[in-house]
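Asker: Pasting a structure below so you can have a look.
The values are calculated or read from the model by the stated rules, or taken from the named source; none is laboratory data. Treat the numbers as computed from the prediction; the structure is a model and nothing was measured. Ideal geometry is used to build each Cβ from the backbone, glycine not excepted, and the neighbour counts take in all protein chains shown.
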Amino acid sequence: MTVRRPILKVQSTFTRLLNEYLCRKNSIFYVPHQLVVHELKILSSRRFYRSMDLTILFSPIDELLYADITSSSSFYKNIRAFTEKMPDYRGAHIAIFGVKEERGTISNTGTAYAPDEIRKKLYNLKKGIGSNYIVDLGNLNAGHDLEETYVRISEVCRMLLEHNVLPVILGGSQDLDYGQYAAYETMDKLVSLLNVDAFLDLDDKKESSVSQHHIHKILLHEPNFLFSYTHLAYQSYLIDPLSISILEKLYFEAFRIGEMRTNMKEIEPAIRNADMVSFDVTAIRSADAPGNNRAQPFGLTGEEACQICWYAGLNEKLSSIGFYEYNPQADDAQKKTASVIATMVWYFIEGYYHRKNEQNFKSNDFMKYSVSMPVEPEVITFYKSKLSEKWWMEVPYPDGRERYSRNSIVPCSYGDYQTSIKGEVPERYISTIAKLI
């Protein structure tokens, strides 16, 4: 009989609730002794990578992907790619890199081939507007195990973020977003994560693949720097109701595909609030994106997926995005899914170059509205941009909680303002203040 060590006690609300959720599913979650040793190895690896030249971590882009591209207006001809020499990422706006890693999935083997298939389509698209100072770093070499790959992703993203370069990751299985998330650990800020997926990957069963419980891993990551988690495009018949219940208890948000279709204007503020996006191609219906072994007949259309990416690109707060779970081996002969993802990347970049620098709420670019309330709080303050007509709402943080100041003015909708005019406190205000307390 195997003796299991008790879980390490972590004093945080979401850990307690998550463990409660796991217990209700008759699960036993524990932290083995080996994990402590493993974490020490990861810390050692991080110190090693911080002193390393990026070129050693990457493989150059295969010449076959760009050899036949001659148009000067093509996407490829207007970026700096790692072909013979690694481009200098410092000073770039966006850095694309692929991760040929699929050891985190059991059901969708083949995702390691995704980055280059997406490039084939992306490189042939036309250049958008803007100065397009974009680099493609090539494909990140996988580590000797999955954890090592996560560390490599984390350190590459961290180096890019420290130089104000936005990473665009082409996966790979979706568990790679754990490395994307871990890059923010040393940033001294709380992070809001937006996940687009038909499933909610909170599975804790040992036989399930890592890509089916990566969200579980992010929620339990220590130190905890996750401020908000938002899930878009889930499908009710694919999700355990207990999973949604645990998110609600944590004041996190989850939107069904139907909710998104009926009122996209209410979803936009959730996208605008994200620091990072993890996009699983499984969220897109199989008619538009068949390249996934778990593809579903219902889901986002290709156009809706591009709209989400456009909103994400516009979001000045957002600093990284990853596209995961594309499997070329499951795609059709024309590689339709690769075309959809390439177009999503294109729209994200277009959105990025349409950013309006709407961060200074005290400037003349904003109109301020103060709404008197019949109940607590006495006043709710709203800001409306004169440039984009988007709305924000101020949620005061408690004394001594200055670390929350960055999250105290949150994106909202005109509907939230209308709700407050009626004397009702918007749900978005309630959930935000619950996180701040």
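Asker: Provide a single number: the residues in region 243-275 that are farther than 16 Å from Tyr311 by Cβ and polar (S, T, N, Q).
Answerer: Looking only at that region, the number is 3.
Asker: Let me ask something else. Looking only at region 85-109, count how many residues are more than 15 Å from Pro328 (Cα to Cα), in contact with a strand residue (DSSP E or B) (Cβ under 6 Å, 6 or more places away or on another chain) and among the aliphatic types (A, V, I, L, M). If you could, list the steps in order and put the result at the bottom.
Answerer: Initial filter on region 85-109 (more than 15 Å from Pro328 (Cα to Cα)): 85-97, 103-104, 106.
Filter once more, so that each one left must be in contact with a strand residue (DSSP E or B) (Cβ under 6 Å, 6 or more places away or on another chain): 87, 89, 92, 94-97.
After this cut, where a residue has to be among the aliphatic types (A, V, I, L, M) as well, the list is 92, 94-96.
Qualifying residue count, region 85-109: 4.
Asker: Hey, another quick one. Would you point out which residue out of Lys189, Lys206, Lys265, Lys249 is surrounded by fewer than 20 Cβ atoms within 10 Å (Cβ to Cβ) and either closer than 20 Å to Ile106 by Cβ or modelled with pLDDT of 95 or more (or both)? Quick ask: steps written out before the conclusion?
Answerer: Working: Lys189 fails: either closer than 20 Å to Ile106 by Cβ or modelled with pLDDT of 95 or more (or both); Lys265 fails: either closer than 20 Å to Ile106 by Cβ or modelled with pLDDT of 95 or more (or both); Lys249 fails: either closer than 20 Å to Ile106 by Cβ or modelled with pLDDT of 95 or more (or both).
None of the others qualify; the one that does is Lys206.
Asker: Ok, one more. Just give me the residues in region 358-388 being part of a loop (DSSP other than H, G, I, E, B) and among the hydrophobic types (A, V, I, L, M, F, W, C), in sequence order. Steps first, answer last, please.
Answerer: Step one: filter region 358-388 for residues part of a loop (DSSP other than H, G, I, E, B), giving 358-365, 373-378, 386-388.
The answer is Phe361, Met373, Val375, Leu387.
Asker: Only one of (1) within 17 Å of Tyr178 (Cα to Cα); (2) at pLDDT below 95 is not met by Ile129, so which one is it?
Answerer: It fails just one condition, (1).
Asker: Would you check if there is a residue in region 291-302 being under 24 Å from Ile153 (Cβ atoms) and surrounded by fewer than 18 Cβ atoms within 10 Å (Cβ to Cβ)?
Answerer: First, the residues of region 291-302 that are under 24 Å from Ile153 (Cβ atoms): 291-294.
Next, only the ones that are surrounded by fewer than 18 Cβ atoms within 10 Å (Cβ to Cβ) stay: 293.
Within region 291-302 (the criterion being under 24 Å from Ile153 (Cβ atoms) and surrounded by fewer than 18 Cβ atoms within 10 Å (Cβ to Cβ)), the answer is yes, since at least one residue qualifies.
Asker: Can you tell me which residues in region 103-114 are farther than 22 Å from Ala312 by Cα, modelled with pLDDT of 95 or more and surrounded by 22 or more Cβ atoms within 10 Å (Cβ to Cβ)?
Answerer: Within region 103-114, Thr111, Ala112 qualify.
Asker: Considering each of Lys317, Lys335 in turn, give the residue that is at positive phi and assigned by TED's automatic domain parsing to the domain that holds Phe227. Walk me through it before giving the result.
Answerer: Working: Lys317 fails: at positive phi.
Among Lys317, Lys335, only Lys335 is at positive phi and assigned by TED's automatic domain parsing to the domain that holds Phe227.
Asker: For region 36-85, enumerate the residues that are of a type in the set (Phe, Trp, Tyr) and modelled with pLDDT of 95 or more.
Answerer: Taking region 36-85 and keeping what is of a type in the set (Phe, Trp, Tyr), we get 48-49, 58, 66, 75-76, 82.
Across region 36-85, the qualifying residues are Phe58, Tyr66, Phe75, Tyr76, Phe82.
Asker: Here's something else I'd like to know. Just to verify a result, which residue in region 382-402, among those that are modelled with pLDDT of 90 or more and hydroxyl-bearing (Ser, Thr, Tyr), is nearest to Gln418 (Cα to Cα)?
Answerer: The qualifying residue nearest to Gln418 (Cα to Cα) is Tyr383.
Asker: So in region 393-415, with the set limited to residues that are touching a residue at least 60 places away in the same chain (Cβ under 8 Å) and assigned to a helix (DSSP H, G or I), which one is surrounded by the most Cβ atoms within 10 Å (Cβ to Cβ)?
Answerer: Of all residues in region 393-415, those touching a residue at least 60 places away in the same chain (Cβ under 8 Å) come to 403-404, 406-407, 410-415.
Next cut, assigned to a helix (DSSP H, G or I) only: 403-404, 406-407, 414-415.
Details: Arg403: 13, Tyr404: 18, Arg406: 14, Asn407: 22, Tyr414: 15, Gly415: 15.
Here the residue is Asn407.
Asker: From (1) buried (at least 23 other Cβ atoms within 10 Å of the Cβ); (2) charged (D, E, K, R); (3) more than 27 Å from Thr337 (Cα to Cα), pick out the condition that doesn't hold for Arg272.
Answerer: (3)
Asker: Go over the candidates Lys335, Lys362 one by one and state the one that is farther than 22 Å from Asn139 by Cβ and of a type in the set (Lys, Arg). Show your work before the answer.
Answerer: Numbers: Lys335 fails: farther than 22 Å from Asn139 by Cβ.
Selected residue: Lys362, the only one of Lys335, Lys362 that is farther than 22 Å from Asn139 by Cβ and of a type in the set (Lys, Arg).
Asker: For region 89-198, list the strands (runs of 3 or more DSSP E) that sit wholly inside it and hold at least 1 residues that are of a type in the set (Gly, Ala, Ser) and assigned by TED's automatic domain parsing to the domain that holds Ala283; which are they?
Answerer: On the way: elements: 94-99, 134-140, 166-170, 191-196.
The strands (runs of 3 or more DSSP E) meeting that bar are 94-99, 134-140, 191-196.
Asker: Can you say whether Trp346 is out of contact with any Lys or Arg (no Cβ under 8 Å at 6 or more places or on another chain) and under 26 Å from Tyr150 (Cα atoms), as far as the supplied structure shows? Talk me through it step by step, then tell me what you get.
Answerer: Working: out of contact with any Lys or Arg (no Cβ under 8 Å at 6 or more places or on another chain): yes; under 26 Å from Tyr150 (Cα atoms): yes.
Considered against the rule, which asks whether it is out of contact with any Lys or Arg (no Cβ under 8 Å at 6 or more places or on another chain) and under 26 Å from Tyr150 (Cα atoms), Trp346 comes out as yes.
Asker: Name the residue that is nearest to Val156 (Cα to Cα), counting only residues in region 65-86 that are aliphatic (A, V, I, L, M) and surrounded by 10 or more Cβ atoms within 10 Å (Cβ to Cβ).
Answerer: Met86
Asker: Somewhere in region 349-364, is a residue surrounded by fewer than 24 Cβ atoms within 10 Å (Cβ to Cβ), hydrophobic (A, V, I, L, M, F, W, C), touching a residue at least 24 places away in the same chain (Cβ under 8 Å) and within 20 Å of Tyr414 (Cα to Cα)?
Answerer: Taking every residue of region 349-364 in turn, at least one turns out to be surrounded by fewer than 24 Cβ atoms within 10 Å (Cβ to Cβ), hydrophobic (A, V, I, L, M, F, W, C), touching a residue at least 24 places away in the same chain (Cβ under 8 Å) and within 20 Å of Tyr414 (Cα to Cα).
Asker: Could you pull out the residue among Val340, Val345 that is of a type in the set (A, V, I, L, M), within 24 Å of Asn263 (Cα to Cα) and in contact (Cβ under 8 Å) with a residue 60 or more places away in the chain? Walk me through how you get there before you give the answer.
Answerer: On the way: Val340 fails: in contact (Cβ under 8 Å) with a residue 60 or more places away in the chain.
Being of a type in the set (A, V, I, L, M), within 24 Å of Asn263 (Cα to Cα) and in contact (Cβ under 8 Å) with a residue 60 or more places away in the chain holds for just one of Val340, Val345, which is Val345.
Asker: Go over the candidates Ser413, Ser385, Ser408 one by one and state the one that is over 22 Å from the mean Cα position of the chain (by Cα), outside the structural domain of Asn293 (by TED's automatic domain parsing) and among the small types (Gly, Ala, Ser). If you could, list the steps in order and put the result at the bottom.
Answerer: Working: Ser413 fails: over 22 Å from the mean Cα position of the chain (by Cα); Ser408 fails: over 22 Å from the mean Cα position of the chain (by Cα).
After applying the criteria, what remains is Ser385.
Asker: Something else: Could you tell me whether Leu232 is more than 11 Å from Leu202 (Cβ to Cβ) and in contact (Cβ under 8 Å) with a residue 40 or more places away in the chain?
Answerer: yes
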